[in-house]
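The values are calculated or read from the model by the stated rules, or taken from the named source; none is laboratory data. All values derive from a computational prediction rather than experimental measurement. Cβ atoms come from the backbone with ideal geometry, glycine included; neighbour counts cover every protein chain shown.
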Amino acid sequence: MQQIVKLSEKLGKDESTMDSMVSPLPSEFQNPKWILKNIKGENTVVFVAETNGKIVGYSLGWISQPWSYKAKRGYICDCFVEKSHRRQGIGKALVKAMLEWFKDKGVECVEADIYSKNIPSLALFKGLGFKEVSKRLRLTFKR
Ligand SMILES: CC(C)(COP(=O)(O)OP(=O)(O)OC[C@H]1O[C@@H](n2cnc3c(N)ncnc32)[C@H](O)[C@@H]1OP(=O)(O)O)[C@@H](O)C(=O)NCCC(=O)NCCS
């Protein structure tokens with residue numbers, strides 16, 4: 001759990017450099033208590049990639065039925081691979097494991113929010129068949 005939390009903190013830092021609105025401080029989803037509580041339930045899952053006893057990547061997601069959706073949706077919240085282990089197929093394997101898990105659970109679709117600047121992640125998800133469904137627009141007030 002400590003290794004997963006460390007990786008999720010690195011992901012949080014990456015996201016805060018990509019998005020000025022994202023705090024570099026750990027979020028609720030990076031809290032070990034939140035992760036433990038939820039993975040004990042039926043609807044949240046974490047997959048890890050391990051080499052030589054060390055966790056070098058993880059993916060985290062859950063199933064829910066968001067407001068206005070007509071059926072259950074799988075949501076991939078996190079997918080992170082240590083820099084030293086990238087481009088070896090680990091990220092793809094972590095997302096594919098999650099897709100299989102969602103499929104077995106009977107969800108109708110799977111979604112992920114990816115920053116427009118995040119070229120590696122966009123390529124990974126699009127390569128697995130994901131299609132863009134919306135664009136989030138933001139106006140930032142100058143203070
Ligand atoms: C996105 C990320 C998880 C990919 O992990 P990875 O293990 O390097 O990915 P893989 O080796 O499995 O690559 C799968 C596909 O992703 C794409 N891809 C991965 N890295 C890429 C890069 N730097 N540039 C372009 N495409 C890339 C390619 O299409 C690749 O397929 P290919 O190797 O057959 O060309 C990893 O770069 C990462 O942890 N990034 C920081 C965290 C992040 O942004 N997470 C996503 C949002 S939650």
Checked pairs for segment 108-124, first closer than 18 Å to Tyr75 by Cα and without any contact (Cβ under 8 Å) to a residue 24 or more places away in the chain, second of a type in the set (Ser, Thr, Tyr) and within 8 Å of the ligand (Cβ to nearest atom), C-beta under 6 Å and 6 or more apart or across chains, list as Ile114/Ser121
| query | So is Lys33 part of a helix (DSSP H, G or I) and of a type in the set (Lys, Arg) or not? | reply | yes
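Kindly provide the set of residues from segment 54-95 that are outside any strand (DSSP E or B), within 14 Å of the ligand (Cβ to nearest atom) and farther than 21 Å from Glu42 by Cβ, ordered by number. Let's see the steps before the verdict.
Keep residues of segment 54-95 that are outside any strand (DSSP E or B), which gives 65-72, 82-95.
Right, trim to within 14 Å of the ligand (Cβ to nearest atom) and you get 82-95.
Glu82, Lys83, Ser84, His85, Arg86, Arg87, Gln88, Gly89, Ile90, Gly91, Lys92, Ala93 - these are the residues of segment 54-95 that are outside any strand (DSSP E or B), within 14 Å of the ligand (Cβ to nearest atom) and farther than 21 Å from Glu42 by Cβ.
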If you go through Lys72, Lys135, Lys117, Lys131, the only one that is more than 22 Å from Ala49 (Cβ to Cβ), touching a Gly at 6+ places or on another chain (Cβ under 7 Å) and not acidic (Asp, Glu) is Lys72
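Given the criterion basic (Lys, Arg), in contact with an Asp or Glu (Cβ under 7 Å, 6 or more places away or on another chain), modelled with pLDDT of 90 or more and farther than 17 Å from Leu122 by Cα, identify the matching residue among Lys105, Lys10, Lys6, Lys72.
Numbers: Lys105 fails: in contact with an Asp or Glu (Cβ under 7 Å, 6 or more places away or on another chain); Lys10 fails: in contact with an Asp or Glu (Cβ under 7 Å, 6 or more places away or on another chain); Lys6 fails: in contact with an Asp or Glu (Cβ under 7 Å, 6 or more places away or on another chain).
One residue alone meets the criteria, Lys72.
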The condition from (1) within 24 Å of Leu137 (Cα to Cα); (2) modelled with pLDDT of 95 or more that Lys83 misses is numbered (1)
Apart from one, (1) exposed (fewer than 14 other Cβ atoms within 10 Å of the Cβ); (2) modelled with pLDDT under 95; (3) more than 20 Å from Ser121 (Cα to Cα) all hold for Met21; the odd one out is (3)
Flagged pairs (Cβ under 9 angstrom, 6 or more apart or on separate chains; first in segment 9-23, farther than 14 Å from Asn118 by Cα; second loosely packed, with under 13 Cβ neighbours inside 10 Å and among the charged types (D, E, K, R)) are Lys10/Lys83; Met21/Arg138
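Quick check on Val133: is it in contact with a helix residue (DSSP H, G or I) (Cβ under 6 Å, 6 or more places away or on another chain) and under 23 Å from Lys72 (Cα atoms)? Show your work before the answer.
Working: in contact with a helix residue (DSSP H, G or I) (Cβ under 6 Å, 6 or more places away or on another chain): no; under 23 Å from Lys72 (Cα atoms): yes.
For Val133, the condition - in contact with a helix residue (DSSP H, G or I) (Cβ under 6 Å, 6 or more places away or on another chain) and under 23 Å from Lys72 (Cα atoms) - is not met.
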Filter segment 100-142 for residues that are within 8 Å of the ligand (Cβ to nearest atom) and touching a Phe, Trp or Tyr at 6+ places or on another chain (Cβ under 8 Å); the one that is nearest to Gly61 (Cα to Cα) is Ala112
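Count, please, the residues in segment 1-41 that happen to be among the aromatic types (Phe, Trp, Tyr) and away from the ligand (no atom under 16 Å from the Cβ). Outline the logic, then answer.
Going residue by residue through segment 1-41, those that are among the aromatic types (Phe, Trp, Tyr) are 29, 34.
Among the residues that remain, those that are also away from the ligand (no atom under 16 Å from the Cβ) are: 34.
Number of matching residues: 1.
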